[in-house]
Amino acid sequence: MPIDSKFYLHPSDRAALKALKAIPGFHQLMKFFMSIWNEKVFRIENMSSNLRVNDNQMKKYYDMLPPICEKLGIDVPDLFIKLDVQPNAYTYGDTKPFIVLTSGLLERFPDDLVATVIAHECGHIACHHTLYSTMGRILLNGAVTATSGLGAASLISESLSIAFFYWMRCSEFSADRAAIVCDGSATDITRMCMHFSGYDPRFDEEANLEEFMAQAQDYSSMMTDSKVNKLMEFYMYKSIDHPLNAVRAFEAKKWADGEDAKRVFDYLENGSAEILDTFLLPVPDSAKKLCGQDRDDVKTQFVEAGFENIKEVEEYSKEKLKRRNSVLAVSINGNSAFTETDWFPANSQINIHYKM
């Protein structure tokens with residue numbers, strides 16, 4: 001039984017994307033990107049230069065995909081291998097996303113960790129990251145110079161750039177959780193982070209997961225115990241698109257050991273509907289701030305937050321200042337006074353009252 005990404009989406013991923021979209025200039029940048037970008041460029045590059053993996057080509061890697069995709073509820077994406085000594089993997093695209101694994105990754109990672117990497121990349125697809133991450137990497141990671149003549153550079157402010165990189169780092173936590181969902185624990189994600197940190201199976205020493213997690217805990221303490229350290233971390237890493245390996249391992253294990261992950265595992269194993277009753281989602285904004293907005297915008301905000309039971313209620317209003325289709329009131333399970341810090345069960349009933 002597939003699991004919806006809303007049940008494992010990292011809170012910082014959701015919050016960072018919301019903050020990114022609210023920054024002045026984001027929507028102009030999005031419009032510009034969609035006007036110059038063509039998904040077929042990637043397909044031309046992959047089909048001409050990389051190795052396509054399927055039932056007839058390197059089948060053992062292709063066979064890793066279907067069970068992962070079934071569990072995450074996504075279509076099986078195209079898979080390619082690229083000649084590159086650096087161990088890496090990435091997912092690009094929008095309507096037809098694809099995954100690329102480097103030859104360096106396949107050389108240095110054991111097969112069970114290759115499956116974890118693939119599950120992580122499929123997690124990006126399941127969490128609907130691919131359009132924004134593709135846009136961010138193209139416009140922020142070196143492609144700005146190439147497109148500056150088209151006006152891209154003038155659209156990317158420092159605050160927008162920092163927010164984009166921050167969201168991309170946060171999105172990795174959600175994709176790591178997707179891999180945990182597929183693996184059943186955080187063990188392989190931790191091993192994956194160790195490999196990306198420098199461990200190589202060709203070493204004459206065994207990997208010590210407990211010691212690596214102790215390192216991750218020590219790093220977390222360094223950051224929480226000192227505001228100066230946290231500030232230094234921000235300035236050192238504000239322009240990278242992946243979180244630090246120790247941080248990823250720490251976040252992954254913390255979630256895997258928690259109640260939310262246990263409910264997800266129970267749902268996958270037993271098909272328990274209890275997850276809908278017990279899993280809480282944050283509201284997009286307070287009831288007061290949602291009033292006056294366009295009803296379609298409000299509905300979209302709730303959908304993106306993970307809510308599904310949404311009812312739109314037409315109401316007649318004599319208030320001349322109210323625009324047609326503007327929201328008059330929003331209630332969640334009958335509560336029309338919720339604040340932006342409230343959380344509600346995923347199966348809550350959302351009623352959006354709007355002016356007809």
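Every number here is computed from the coordinates shown, using simple stated rules; none is lab data. Keep in mind it's a predicted model, so treat the numbers as computed, not measured. All Cβ positions, glycine included, derive from the backbone under ideal geometry; neighbour counts span all protein chains shown.
Annotations
- Taking other residues whose beta carbon is less than 13 angstrom from the beta carbon of I138, and scoring Lys, Arg as +1 and Asp, Glu as -1, yields -3.
- Global geometry of the range 279-355, whether rounded, prolate or oblate, following the gyration tensor of its Cα atoms and the 1.5 cut on a/c: prolate
- For V76, net neighbour charge (Lys/Arg +1, Asp/Glu -1) across residues whose Cβ lies under 14 Å away: -2
- Across all Cα atoms of the range 5-275, the radius of gyration (one decimal) and Dmax (whole number) stand at 18.9, 56 Å.
- Which of F80, F302 has the fewest Cβ neighbours within 10 Å, and the rest in rising order: F80, F302
- Compared with the dominant principal axis of the Cα atoms in the chain, helix 111-126 is inclined by about 20°.
- Highest-first arrangement of 219-231, 198-210, 123-135, where packing means the average Cβ count within 10 Å: 123-135, 219-231, 198-210
- Judged by the mean number of other Cβ atoms found within 10 Å, the most tightly packed of the peptides 156-166, 182-192 leads the ranking 182-192, 156-166.
- Three-way shape label, the range 71-116, alpha-carbon gyration tensor, a/c 1.5: oblate
- Helix 130-140 axis versus longest C-alpha principal axis of the chain: approximately 70°, rounded to the nearest ten.
- Measuring between alpha carbons in the structure, the pairs from K31/K299; K96/K289; K31/K238; K40/K299; K21/K60 lying more than 28 angstrom apart are K96/K289; K40/K299; K21/K60.
- Inter-part distance, the range 49-68 to the range 224-295, computed on C-alpha centroids, equals 31 Å.
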